[in-house]
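Asks: Quick one: structure below, then a few questions.
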Amino acid sequence: DSLDLPFEMVTIPAGDFTFGEGDTVRTIDYDYEIMKFEVTDYDYMLYLLDAMENGDVTVNGNGVYGSYMGDAHYPSGDYQYCDFSKSKISWNGEIFEVQEGFVNHPVTGVTWFGALAFANHYGLSLPNEYEWEKAARGNTGYDYPWGDEISELRANFDYSFMQFGFPN
């Protein structure tokens, strides 16, 4: 039940949307929910605290590891969930912490295995590429929800500071 989640979800209605660079019209024939905002460092830290308490993750060296049951692409085993060298989350030997000033920033340094474990922990699933693009673009036909041009005023992306002269 999304009412019990520690973050806000939004419903994306069934219907047509444009997909990919060629703006192929696709249809998703079901409503689905997706987080309204990106997972923050704080959100992920709360998950890690809970997962550590439940024995679902361990800290090993410079990261957090947990088990994956395996599938057609990956064998079962332990996989890295979070790489501290690429994240603002750290382990002080007793508890996970978020670097000051980054609590509400989108989490970084999380692997696909870590994202899947986070989603599963809350009874959610990761969106597939179609669900994600429909939620991100809407059904406008534009490349971005606001139009066809990227804007450093509306998006933080790799090297935006180099292209536009703004730090990201």
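The values are calculated or read from the model by the stated rules, or taken from the named source; none is laboratory data. Small disclaimer: the values here were computed from a predicted structure and weren't measured. Backbone-built Cβ (ideal geometry, glycine too); neighbour counts: all protein chains shown. For accessibility, only protein heavy atoms count, side chains too; no ligands or nucleic acids. Shrake-Rupley method; radii C 1.70, N 1.55, O 1.52, S 1.80 Å.
Asks: Within segment 125-142, can you find the residues that are open to solvent by less than 70 Å² (accessible area, probe 1.4 Å), touching a residue at least 60 places away in the same chain (Cβ under 8 Å) and part of a loop (DSSP other than H, G, I, E, B)?
Replies: Pro127, Gly138, Thr140, Gly141
Asks: Still on this structure, I have one more. Before we move on, is Glu8 touching a strand residue (DSSP E or B) at 6+ places or on another chain (Cβ under 9 Å) and either in contact (Cβ under 8 Å) with a residue 40 or more places away in the chain or closer than 23 Å to Arg137 by Cα (or both)?
Replies: Yes; evaluated as a whole, the condition is true for this residue.
Asks: Name the single residue, out of those in segment 1-36 being in a loop (DSSP other than H, G, I, E, B) and within 12 Å of Ala135 (Cβ to Cβ), that is least open to solvent (accessible area, probe 1.4 Å).
Replies: Only one residue tops the list, namely Pro13.
Asks: Condition (residue is over 14 Å from Leu46 (Cα atoms), within 21 Å of the chain's Cα centre (by Cα), at pLDDT below 80 and not hydroxyl-bearing (Ser, Thr, Tyr)) applied to segment 125-139: is it met by at least one residue?
Replies: yes
Asks: With respect to the numbered conditions (1) surrounded by 13 or more Cβ atoms within 10 Å (Cβ to Cβ); (2) over 20 Å from Asp41 (Cα atoms); (3) without any contact (Cβ under 8 Å) to a residue 40 or more places away in the chain, which one is the sole condition not fulfilled by Gly147?
Replies: Every condition holds for Gly147 apart from (1).
Asks: Tally time: how many residues in segment 36-45 are modelled with pLDDT of 95 or more and hydrophobic (A, V, I, L, M, F, W, C)?
Replies: Going through segment 36-45 one residue at a time, the tally reaches 2.
Asks: Looking at segment 110-121 only, could you name the residues that are out of contact with any Phe, Trp or Tyr (no Cβ under 8 Å at 6 or more places or on another chain) and either in a loop (DSSP other than H, G, I, E, B) or open to solvent by less than 40 Å² (accessible area, probe 1.4 Å) (or both)?
Replies: Scanning segment 110-121 gives Ala115, Ala119.
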